[in-house]
Structure formats: structure tokens, C-alpha cells
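The next block holds one structure in the form of C-alpha cells; read it before the comments.
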Amino acid sequence: MEEKKAAILQEIPRLRRYARALLRDRESADDLVQDCLERALTRMENWRTGESPRRWLFTIMHHLFIDQMRKVKRRGEAAILPLDAGEALATPAIQAESVASREIVDALQQISPDRRAALVMVAIEGFSYAEAATMLGVPAGTLMSRIARGREELRALLDDQARRRTIRIVEK
Amino acid sequence: MNGRSFTDRDIHLALDGELPEDERTAYQAWLEANPDMKARSQRFAADNAALRGLFSGVLDEPVPARLAAAVNGDTPKRKGMPPWWRMSAAAALLIAGGLGGYLVGTGGFGFGPDSDDRMAELAIAAHQTFAADKNRPVEVDGSDPAYLTGWLSKRTGLNLVAPDLTGNGFQLLGGRLVPAAGSTAALMLYADEQGNRISVYVTTGGIDATKGTYVLADGGPEAVYWQEQGYGCAVVGTLPPDELRVVARDAYKQLLAGAGLARS
């Protein structure tokens, strides 16, 4: 049991990175990781021993993320923020964000949760298509199209922002 | 495999290391022959690198104690709701004994999981129906608030006051009874000098303690709501979101205070 816990502990930095890319806000991301860890501990028997717990944990977290997104979609994003004005400001994902990095993080949050998860798993977490498809529970073809569409959408959003910035400069 | 033709789909495969080894030379040649595809591939590659770079720092952050504790089986406390919210507003708001006590005892009726969504939807529907009515938005006007709230309290089984929102620029127009999920709700309408109308919807029912904001999928007014055991309140309007939240909290605070609960 202690060995298993140590193996899970080792995965926390990776889980946190994945959650941060999905949700941007640090507290919300860590809440997601915590939910994932708590659920994992109640289902230790589902982890095939002898294997790294990484894919098992990412699978659990993905399910929690999708559940959460469904709720947020219905309630509006503010539902996950406290109503107290002082607490309502999200902690930036990255300290000292430059305009460019802020734009790309913003754009990532605008693409649909399914595409975002697929893109982040492959492009940031470095999983293979086969691994990502298994963890997300979709056929390889679906995964491929989510990645392609996600990446194209991200680029279109960034081009759009660049265009708006150009217009602002011209207007001055 | 020399005859294979490539498409923009292969750009993603190549970028993600999924292009078979023996196709890479041909793919490179295809890129060189198609400058727009090459440019596309370079843009995607740059975006990928930017994404990886942006989040790489997370791996070096120390693991928060609460996460390590979660693995060790301690369930650390979450950053919770403020204490005033944890207070059982329901108990004090419900008129002791009567219908309210019955509702709490049975867990309410007509309310199940997602009852907060249902309440918010009904509050928005009531707002859209009545706040939009220019001439007859209310059944009983606000000239005698005590009479109005006495009537609404009696019919809903809640100990109601009409929140004073003049500090936020809103005057009480009056109120009416509207349907709730399995019960009756009080709707109090307010207007500011610009003619913006907001409504305060209060009802019995609800099982889970939740709060949040709700907007229908196709837009429209926003609801800021609270729900406690046996009690629900939603403030609905089309205002800048922060403004609505400030007014909503003020209204909710006064509803609690009016029922004999001071907000901490």
C-alpha cells in the first residue's frame, strides 16, 4: 500500500500540469487533482499493479473534468467562483504572463473541453494517440479529429486576437 | 509507399510523432513542395512549443500539502463557503412548525438533484414573464411593503421581508406569487431610474446547499442563486455580472436578517 501511494504521489506534478492547462485557474486545477486523488484512493483495486498509475489517474481525472464542464456549461462559468468579490479573481495560471502567453492560455480555454483535453494530452503531456484515445475513452479516429480541430481552432483564435490587436493599433 | 499523397491531416500526425518512420522523407518533400502547408505546419509547431513552454513550470512547483495529504488518506478541508453561508438560513427563514417544518422534514417535494438549476430556470422564466410587462409587472405594489410581505409570507410559508435595495439604486415595484417546483414562490420586482428591472425570487424546497450563477444556454438574464435546506433564493436581471452579484448579495443578506439572522 505504501509503495502504491508513493507511486501516486510521484504523478501529482503531471496531474497538476494537465489540470492547469485544462482549467487555467490554480485553485480550480488543484481542486480537480484533489478530487482525482480522493477518488483514486477509493478504487485502488482498479489499478493494475506493476503498471505506472499514470494512465489510470489521468483517466479518472478526465472523467471528473468532463463532469465538471457539463455543470459549468449549464450554470455559466462564474458558478465555480466564490461570490465574494475579493476571492472572485482567478489566480493567473502562470506568474508574470506576457501578452502572448496570456493570449494562448485564453485561447486554450475557449476551445471545447473535449478538444482541449485531447490536445493537451498529446501536445503538452506527450501521450501517444493510442494512449490518449484509451484514457479519453474514444476511438482513435475521434481523437485525431479532436486534435486537428482543436489545434486549428486554437490557431484561428490566436489569428483573430492578432487581427484585433492590429486594428487597435491602426485606430490609435 | 512512395505514391502516398499527404493532406493537412498528416501535419498533425507528423507533429505528434505519429507519422510512420518510412513516410517521413516523402512527407518532408511534400511540405517543401507546398509552401502553404509548410507554413501551416510551422505555425502549429510554434503553438505546440508555446503551450509546452507555458505549463512546464508547473512540474517544478512544490506539491501543495493538501494534495499530498489526500494521497495519505487525510481529507483536508477545502477552501469553503463563507461562514454566513454555512449558517442554516432555512431554519430561521421558515416559519417554525407549519408548512416549512413539514417541507424540511420530507426534504421538500418536486426537488431532486439539480434542483438549484430548476429553481434558477423558474426564477428566470418568472422574471422574463413579469419584469418585461411594462404596465402590470406586479399583483400588489410596493407602496405598503409590510402588507406585501405579509401576504407573500403567508402564501409561501416563508418569513419574508422586502429587501431595501435603494442603496443599489433599485426601488421596490411590488410583488406577486409565481409557481415554483411543487410549491409557490414569492417574486419581488425592483426597478432603477434607467428602467432596468431585477427580480428577487424566494421559495421553499431544495435539498443541497448550493450557490452559483445561471444563464440559459441561449443567453438572456442571469440568475444569482442560493439554496439551502428547504429554502431557495434567486436574484435575476440583466446587469453587468459584478453589479448583479453585489445587489443579489445585499438582497440575500437582508432576507436572512429579516428572518432574525444577522449576517456574520
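No lab work stands behind these numbers, since they all come straight from the coordinates. This structure is a prediction, so every number in the text was calculated from the model and none was measured. In this analysis, Cβ positions are derived from the backbone assuming ideal geometry, glycine residues included, and neighbour counts consider all displayed protein chains.
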Filtering trypsin sites (Lys or Arg not before Pro) in the range B:109-193 by DSSP loop and by at most 15 other Cβ atoms within 10 Å leaves B:K134
Cβ-Cβ cut-off under 10 Å around B:N34, Lys and Arg +1, Asp and Glu -1: the net charge is -1
Computed for the range B:114-162: size of charge dipole around the Cα centre, +1 on C-beta of each Lys and Arg, -1 on C-beta of each Asp and Glu, debye to nearest 20, value 220
Quick calc: nm separation of the 7 Å Cα→Cβ label points for B:A146 and B:E61 -> 5.6
Fewest to most Cβ atoms within 10 Å: B:S41, A:S52 sort as A:S52, B:S41
FRET efficiency (A:K71, B:N135; Cβ distance; R0 30 Å; to 0.05) is 0.20
Taking Lys and Arg as +1 and Asp and Glu as -1, residues besides A:A148 with C-beta under 15 Å from its C-beta add up to +1
Going residue by residue through the range A:14-20, the Karplus relation 6.51 cos²θ - 1.76 cosθ + 1.60 with θ = phi - 60° gives ³J(HN,Hα) values, rounded to whole Hz and with x marking Gly or Pro, of 5, 4, 5, 5, 4, 5, 5
Karplus ³J(HN,Hα) for the range B:24-32 (6.51 cos²θ - 1.76 cosθ + 1.60, θ = phi - 60°; Hz, whole; x = Gly/Pro) runs 5, 5, 5, 4, 4, 4, 5, 4, 4
Diffing the range B:176-190: the Karplus 3J(HN,Hα) column from phi (6.51, -1.76, 1.60, θ = phi - 60°), in whole Hz with x for Gly and Pro, holds 7, 8, 9, x, 10, 6, x, 8, 10, 10, 9, 10, 10, 10, 10
